[in-house]
1. Past 26 Å, Cα to Cα, is the threshold; run Lys144/Lys172; Lys26/Lys172; Lys42/Lys165; Lys90/Lys172; Lys4/Lys42; Lys200/Lys465 against it and keep the listed order.
2. Please give, to one decimal in nm, the separation of the simple spin-label points placed at Thr369 and Glu153, each 7 Å out from Cα toward the Cβ.
3. If you take the C-alpha gyration tensor of the range 192-409, multiply each eigenvalue by 5 and take the square root, what semi-axes do you get, largest first, in whole Å?
4. Could you tell me which of rounded, prolate or oblate describes the range 120-191, using a ≥ b ≥ c as the square roots of the eigenvalues of the alpha-carbon gyration tensor, with rounded for a/c under 1.5 and, failing that, prolate when a/b is larger than b/c and oblate otherwise?
5. Using alpha carbons only, how many degrees (0 to 90, rounded to 10) separate the axis of helix 470-486 from the longest principal axis of the chain?
6. Kirkwood Rh over Cα pairs of the range 228-343 into Stokes-Einstein at 10 °C, 1.306 mPa s: D in µm²/s?
7. Could you work out the relative contact order of the range 192-409, using alpha carbon pairs under 8 angstrom and six or more residues apart, expressed as a whole percent?
8. Working out 0.36 nm times the residue gap between Ser446 and Asn419, then minus their Cα-Cα distance, what length gain in nm do you get to one decimal?
Amino acid sequence: MVSKIICYALNGLDGVPVEVETDVNKGVPQYEMVGLPDTAVKESKERVRSALKNSGLLFPINKITINFAPADLKKEGASFDLAVAISLLKASEQLVGADLNGIVFLGELALGGELRPVSGLLPILISAKGHGYRKFIIPAANAKEASFMGGAEIYPAHSLTEVVKHLVGVEKIPPLQTEEFVVSVRTAGKKSSADLKYVKGQPVARRALEIAVAGGHNLLMVGPPGTGKTMLARCLPTVMPDLTFDEALEITKIHSVAGMLGDEGIVGVRPFRTPHHTATTVSMCGGGNRIVHPGEISLAHGGVLFLDELPEYKRSTLEALRQPLEDGCISVSRAGGTFTYPSRFMLCASMNPCPCGNYGSAERTCSCTASEIRRYRKKVSGPLLDRIDLQVEVDNITYDELTSAEEGESSAAVKERVNGARRIQHARFKDCGINTNAEMGERELSTFCTLSREGDDILRATFEKLHLSARARSRIVKVARTIADLDSSDRILPKHVYEAVSYRIYDKMD
Ligand SMILES: Nc1ncnc2c1ncn2[C@@H]1O[C@H](COP(=O)(O)OP(=O)(O)OP(=O)(O)O)[C@@H](O)[C@H]1O
Ligand SMILES: [Mg+2]
Ligand SMILES: [Zn+2]
């Protein structure tokens, strides 16, 4: 007898239907799977066989052929196990009376027959619903993220036995109660212990941080150890505009595919990712041998990628960030397919000014030689630095500043101004397909960023003195546009250009 069961594979953030067709025939006993990569086949075959036996079900001693369609799709992961098991049971007539029509089966099987969670469940459910499916059997451990999928009948099961009992009507699994995704984002978005009000002093860095968020620019903080660089960076998500529901959904999907959704089953706050400097290009950008994972830059999508101690990162890893920084997405290629993941993040980096950390400090003396300093800074790739619009010094603060009882301005107050500047940008770019000043291309630059004669003179002087690149010039103009927006000024005034130029300290340090 032949049976057909539907399950799903992932392609980037989209679910793709896969049909498992099982043929159980009289003949020389064999157990064959076609249409899956070799290693995946071997492992899945074993899991399904053991799971059936250990669940007290019969593993047929017949000629078994299991086919996955479409054959040309790069299928991976273990989420087909349950579908294979059910299809085998159906084909060997062990599910008499069960109506399997239109049910999507998702889940990996443990050898003992327990159902294990699968990654990317939410994106799969969303795609499957779009394809017209309404009934799903899923692993109980995925129930939380599945609960955001309204308008579907979802049955969470702990084991193969539970699924079989449900299907033959011996013991029904209660359907999952769904929650409103929209409401959950609102409540999930409330926690973060970071707040700018706890940061003492550092007015220049605070201002640069505000400009960076307001215009979607990248930020580099240079300063001695223990001056608050990491602390400031952690405040970035607290001043960024609230997530829209579409953003929250997209971010949640990425984290689901990466198997990194927490107990909440949803990402309702902007991500803040801090990959270690030993991170490989694969862990940073995504990829993998057997299973393709989104990398740090995709996990940071919609939020912040913080590279602490920038010169410590491998040059090749930093170089790999250049393309996604321009494109806002990353394509991971491997045999059989290319996956694309979104990766629009704000880059924030920090570093010491020199190996000992004290170069340029008003309080302490630097013990490094000129060549040591040069070598240290050379470690940071020029083209990457060129993409960081705001570079700012964070110096030691005095004891009095640190212990003063006065709180700094709160994140909420800063966010208010950021939102104001964002509103101006939304209105300006409504027909341009972009959201922020940082995303402006040549056309927008020439339309919206005319400089006065005086402003242009300031820029020319800096350009010539610091030997800036053309890219650096347009980046300065974009920052000036953001500063003008924060100032509610239609025109970019000389003072705005002047301030924008002041955030190129790295160029000045050479
Ligand atoms: N400006 C500041 N206001 C209040 N507390 C501060 C400030 N700077 C540093 N601190 C205190 O010092 C701790 C260390 O600061 P932080 O980790 O941000 O320093 P850093 O500049 O990132 O140092 P490093 O270069 O070593 O990474 C903070 O957790 C905080 O308690
Ligand atoms: Mg730090
Ligand atoms: Zn030094």
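Read-outs: derived from the displayed coordinates by stated rules, not from any lab. Since the structure is predicted, the reported quantities are computational estimates derived from the model, not experimental observations. FYI the Cβ positions are ideal-geometry reconstructions off the backbone, even for glycines, and counts take in every protein chain you see.
1. On the way: Lys144/Lys172 20 Å; Lys26/Lys172 33 Å; Lys42/Lys165 28 Å; Lys90/Lys172 18 Å; Lys4/Lys42 21 Å; Lys200/Lys465 34 Å.
Those over the limit are Lys26/Lys172; Lys42/Lys165; Lys200/Lys465.
2. Reported label-point gap for Thr369 and Glu153 is 7.8 nm.
3. Taking √(5λ) for each eigenvalue gives 31, 23, 13 Å, largest first.
4. Verdict is prolate for the range 120-191.
5. Value to nearest ten degrees: 90.
6. Roughly 107 µm²/s, to the nearest whole number.
7. On the way: 385 pairs, mean separation 66.6, N = 218.
In percent, rounded to a whole number, it is 31.
8. My answer for the length gained is 7.3 nm.
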